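The values are calculated or read from the model by the stated rules, or taken from the named source; none is laboratory data. This is a predicted model, so every value here is computed, not measured. Neighbour counts run over all protein chains shown; Cβ positions are idealised from the backbone, glycine included. In case anyone asks, the SASA skips ligands and DNA or RNA and just uses the protein heavy atoms, side chains included. Shrake-Rupley method; radii C 1.70, N 1.55, O 1.52, S 1.80 Å.
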Amino acid sequence: MDLKQLRTFRAVAELGSLSKAADRLRSAQPALSRHIKLLEHELRVELFVRNGRGMLLTSAGRMLLDRTTGLVRQIEQVRDDLQSAKGSPSGRVILGLVPTVSAVFAGRFARRVITEFPDISLRIVESYGGHLVEWLHRGEMDLAIIYGPAVDLHLQVQSIGREAIVVVGPPGSGLNKRKQVDLKWLVKQKLILPSISHGLRALLEKAVARQRLTLNAMIEADSYRAQISLMEEGLGYTLLPPSAIRAELATKRLEMAALVNPPVSRELILASPIADQPSIATTTIATLIMSEIEQLAKEGLWKIDMTG
């Protein structure tokens, strides 16, 4: 096995198609097909099932993908560090963001990376916290901004700060005039909430349990964008960090009130694999992330308590 063969294998496995892998790797499709055949010949197993819909991993292929993903990333990072030692940081960094963070952070941060570190290739992956944690454990991702608590994550973590959770509702709901509402009022409303497996839902369930109240969701939606759409239709209320709905508040498409008695907040953390030595490019991006979040907080664009 060599690095080119493994990179080809990973790309085809992720995309399910030689043609798509050729586009990603900027290589000719026959060359990639040859890499796969040589790899299968050396390992003496079939890695893919070929059909009219593309290429699907066999059980042996899935095993190879699981066992080599972190290894390939480490080899790529060694190459990147050797290049970075000659001058400015360079290489590929994969950054995971939970959707509510991506909404306020991704675009502005990507622009800053392009401007300040043009030799770093940044890939942003948006997904929910559980998926990001799994990819960090598997070595498929370098960094992720996720919500805590960090206990039992078995990751290298750095606390960013705490972000308040507010009650959000449709225009005309009166939340702007109320300014603040409590849990007793909230549990009586029609609620649009993420499912029970979602971190925010678990946080809310604990808060209402301490008050001996019951939280009932009229509609469950794990996508916060779906929650926003449902609220704009006037179907109910939800809870989100205010940074994620800044644009909707500015255009008066939604209203917001603080949650009190008790207030609810989430810890935001920067996580990375615990066993890996981060590349120079990854360390550079991690430092830049903290700098950008501090700047957003200073400008009032992200209400986050970074005092600890």
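Taking loop as defined by DSSP and a crowding limit of 15 other beta carbons within 10 Å, which trypsin sites (Lys or Arg not before Pro) in segment 27-81 fit?
Sparse-neighbourhood loop trypsin sites (Lys or Arg not before Pro): Arg44, Arg53.
On a 32 Å Cα-Cα criterion, which of the cross-link pairs Lys179/Lys298; Lys20/Lys252; Lys86/Lys303 come out too long?
Lys20/Lys252; Lys86/Lys303
Taking every DSSP beta bridge with both residues inside segment 49-195, roughly what % is antiparallel (nearest 5)?
In segment 49-195, DSSP labels about 25 percent of beta bridges as antiparallel.
Mind ranking 108-119, 246-257 by how tightly packed they are, going by the mean number of other C-beta atoms within 10 angstrom, highest first?
246-257, 108-119
Tell me the accessible surface of Trp185 in square angstrom (1.4 angstrom probe, heavy atoms of protein chains only), to the nearest ten.
Result for Trp185: roughly 50 Å² accessible.
Express the carbon and sulfur contribution to the solvent-accessible surface of the chain as a percent, rounded to the nearest whole number, probe 1.4 angstrom.
About 52 percent, which is the carbon plus sulfur part of the accessible surface.
Express in whole angstrom the spacing between the alpha-carbon centres of segment 51-106 and segment 174-195.
For segment 51-106 versus segment 174-195, the Cα centre distance is 41 Å.
Given the DSSP H assignment, sum -39500 (n - 2.57) over each helix run of at least 4 residues in the chain and divide by its residue total; what's the result at 222 nm in deg cm²/dmol, nearest 500?
-14500 deg cm²/dmol
Using a 1.4 angstrom probe with every protein chain in place, what is the largest-first accessible-area order of Thr287, Thr307, Thr69?
Thr307, Thr287, Thr69
Roughly how tilted is helix 280-298, in degrees to the nearest 10 and between 0 and 90, from the longest Cα axis of the chain?
Once rounded, the angle reads 20 degrees.
Taking only Cα atoms, what is the 0 to 90° angle, nearest 10, from helix 59-84's long axis to the longest principal axis of the chain?
It is inclined by approximately 90 degrees.
Report the one residue of Gln156, Phe105, Leu57 whose Cα lies farthest in the direction of the positive end of the charge dipole of segment 15-164 (charges on C-beta: Lys and Arg +1, Asp and Glu -1; origin at the Cα centre).
Projecting each Cα onto the dipole axis, the largest value belongs to Leu57.
When the Karplus curve 6.51 cos²θ - 1.76 cosθ + 1.60 is applied with θ = phi - 60°, which whole-Hz ³J(HN,Hα) does each residue of segment 85-99 get, with x for Gly and Pro?
Going residue by residue, I get 5, 7, x, 6, x, 9, x, 9, 10, 9, 10, x, 9, 5, x Hz, with x marking Gly and Pro.
So with the 1.4 Å probe, I'd like the accessible area per residue for segment 19-127, rounded to whole Å². It would help to have the intermediate numbers written out before the result.
Numbers: 6300 Å² over 109 residues.
With the other protein chains kept in place, segment 19-127 gives 58 Å² per residue.
Taking square-rooted eigenvalues a ≥ b ≥ c of the alpha carbon gyration tensor, is segment 263-308 rounded, prolate or oblate, where a/c under 1.5 means rounded and, failing that, a/b exceeding b/c means prolate?
On the way: a/c = 4.01, a/b = 1.62, b/c = 2.47.
Oblate, since a/c reaches 1.5 and b/c is not below a/b.
Can you give the angle from 0 to 90° between the axis of helix 199-210 and the longest principal axis of the chain, with both taken from C-alpha atoms, to the nearest 10?
Taking Cα atoms only, the helix is inclined about 30 degrees.
With a probe of 1.4 Å, find how much accessible area segment 195-308 has per residue, and write the answer as a whole number in Å². Can you show the working numbers first?
Working: 5720 Å² over 114 residues.
The answer is 50 Å² per residue.
Is there a quick way to get the dipole size of segment 119-209? I mean about its Cα centre, with the Cβ of Lys and Arg at +1 and of Asp and Glu at -1; what is the value in debye to the nearest 20? Each step should come with its number before you reach the end.
Working: 11 positive and 9 negative charges, 172 e Å.
Computed charge dipole of segment 119-209: roughly 820 debye.
Counting only other residues whose beta carbon sits under 9 Å from that of Asp305, what net charge do I get with K and R as +1, D and E as -1?
The answer is +1.
Where both partners of a DSSP beta bridge lie in the chain, what percent of those bridges are antiparallel, to the nearest 5?
Antiparallel: roughly 60 percent of the beta bridges in the chain.
Rounded, prolate or oblate for segment 91-150? Axes are the square roots of the Cα gyration tensor eigenvalues, ordered a ≥ b ≥ c, and the cut-off for rounded is a/c under 1.5.
Oblate shape, in that a/c is at least 1.5 and b/c is the bigger or equal ratio.
Using unit Cβ charges (K, R positive; D, E negative) and no other charged atoms, how large, in debye to the nearest 20, is the dipole of the chain about its Cα centre?
Roughly 580 debye for the chain.
Rg and Dmax of segment 149-280, using alpha carbons, in Å: what are they?
That works out to 16.3, 52 Å for Rg and Dmax.
Scan around Tyr237 for amide H atoms under 5 Å from its own, H built in the peptide plane at 1.01 Å from N, and keep only partners 5 or more places away or cross-chain.
Lys190, Leu191, Ile192
In square angstrom, rounded to the nearest 10, how much accessible surface does Thr284 have for a 1.4 Å probe?
About 30 Å², ignoring ligands and nucleic acids.
Going Cα to Cα from Lys37, which aspartates and glutamates come in below 17 Å? Please leave out same-chain ones fewer than 8 positions away.
Asp2, Glu46
Report the charge-dipole magnitude of segment 209-261 in Debye, nearest 20, computed about the Cα centre from +1 at each Lys and Arg Cβ and -1 at each Asp and Glu Cβ. Walk me through the numbers on the way to the answer.
Values: 6 positive and 6 negative charges, 50 e Å.
Using Cβ point charges on Lys, Arg, Asp and Glu, segment 209-261 gives about 240 debye.
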